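See structure below.
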Amino acid sequence: MLLPLFQTLEASAIGEAIRNSLWLFPAIEACHLLGLAVIGGAILVVDFRLLGLGLRGHSVSRLARSVQPWVVGSVAVMIASGVPLFLAEAIKCYYSFAFWTKMTALLFALGFTFTVRRSVSLAPDGRFTPAWNKAVALISLALWSTVGWGGRWIGFSG
Amino acid sequence: MVHAAMAWLADTRWSIALHESQYAYAIVESIHVWALCLFVGFAVLLDLRLVGAIFRDVPVSQMVRRLLPWTKVGFVVMVVSGVVLYYAIPLRTYHNVFFRLKAVLLILAGLNVFLFHRGIYLSVARWDLDPPPRPAKVAGLCSLVLWAAIVVSGRMIAYNWFDCAKPQSAGISLMAGCTPDMIDPYSQ
């Protein structure tokens, strides 16, 4: 059912242009990877803090508030670079298990990050028990790791 | 001589095994990318702090003390997985211009870290919560630029545009150490 849609997307002008260029795909891919480094740091620093690691002496909510624009910004960069990469090889993605794993995990990761994780990390310190904080951090780490892992494996599949 | 050593390395059992394995290379590569989030991610946060763009209420010395151990863990994983990736494809990687560029950039980044810790960071107690002094900002900015370039050049190693297996321009041949006998007539 989705295949015709993916075929149309692959045939799009952007997809076509990227496929026809020798360096466009690698260049966009490089931006995607740079965005990953920033989102990685911004997500990990708060998850580590929720686990009681890293920047321990500081309030979780202040840390979370400080990195929030960096999370939003890097998600924007990731999507802006990820969509053209997808358009360049939409049909390959359709048949890629890694792609579907990544997209499913991404949906959950974004949903979790901007709801549960957001309210827990921005809550005044002490509102949630350490066990709660740890559970949220572990779920976030698992979801985002799956996104990254799946993303890297799209390149290995097919 | 290094070429011969790499050719020998490429013929060792484990190098061939890594290279030929369906999953091993991809798994190590994924570990390399995962550790990138930890290592470069935290390095970027520290650099942004030095530039004065983030966490202005967290003392620089605390950022360094609390995040550096994790950055080191990330770095060790990066180096170990990176060495394994190199070992899987030693000869081609040795002659890869992006790999050579990355190696030079890594040395510069290491030098930047060394100069920062031996220089302006020694007096951190005096500016821990103030706007960072100019040398600290410069170190942070250099680090951001260098690590970004390292990430990009690392990713580009995978592309074969400048491989010695194909005829290359004089400049690329010089930088990559290509010799005419390395041209593979079967590669386009």
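The values are calculated or read from the model by the stated rules, or taken from the named source; none is laboratory data. As the structure is a prediction and not an experimental result, all values here were calculated from the model. Every residue, glycine among them, receives a Cβ derived from its backbone with ideal geometry; neighbour counts consider all protein chains shown. Areas reflect the complete protein model, heavy atoms only, side chains present, ligands, DNA and RNA absent. Shrake-Rupley method; radii C 1.70, N 1.55, O 1.52, S 1.80 Å.
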For residues that are buried (at least 20 other Cβ atoms within 10 Å of the Cβ) and within 9 Å of chain B (Cβ to nearest Cβ), scanning just the stretch A:62-72, find the one that is nearest to A:PHE86 (Cα to Cα). A:TRP70
Residue satisfying all of: in the stretch A:30-61; open to solvent by 10 Å² or more (accessible area, probe 1.4 Å) and of a type in the set (D, E, K, R); farthest from the chain's Cα centre (by Cα) among these: A:ARG56
Kindly list, by first and then second residue, each pair from a residue in the stretch B:3-22 that is touching a residue at least 40 places away in the same chain (Cβ under 8 Å) to a residue that is loosely packed, with under 15 Cβ neighbours inside 10 Å and of a type in the set (Val, Ile, Thr), limited to pairs with Cβ atoms under 8 Å and residues at least 6 apart or on different chains. B:ALA10/B:ILE16
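Among the candidates A:ILE18, A:ILE91, single out the residue that is in a helix (DSSP H, G or I), open to solvent by 20 Å² or more (accessible area, probe 1.4 Å) and either more than 13 Å from chain B (Cβ to nearest Cβ) or of a type in the set (Phe, Trp, Tyr) (or both).
Answer to the selection: A:ILE91.
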Restricting the stretch A:1-15 to residues that are under 17 Å from A:SER81 (Cα atoms) and not in a loop (DSSP other than H, G, I, E, B), which is least open to solvent (accessible area, probe 1.4 Å)? A:GLY15
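Please tell me if B:TYR159 is farther than 29 Å from A:GLY35 by Cβ and either within 20 Å of the chain's Cα centre (by Cα) or open to solvent by 70 Å² or more (accessible area, probe 1.4 Å) (or both).
no
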Screening B:LEU129, B:LEU141, B:LEU111, B:LEU105 for residues that are more than 13 Å from every other protein chain (Cβ to nearest Cβ) and more than 30 Å from A:ARG152 (Cα to Cα) leaves only B:LEU111
The condition from (1) among the basic types (Lys, Arg); (2) part of a helix (DSSP H, G or I); (3) exposed (fewer than 15 other Cβ atoms within 10 Å of the Cβ) that A:ARG127 misses is numbered (2)
Given the conditions (1) in contact with a helix residue (DSSP H, G or I) (Cβ under 7 Å, 6 or more places away or on another chain); (2) in contact (Cβ under 8 Å) with a residue 40 or more places away in the chain, which single one is not true for A:ALA30? (2)
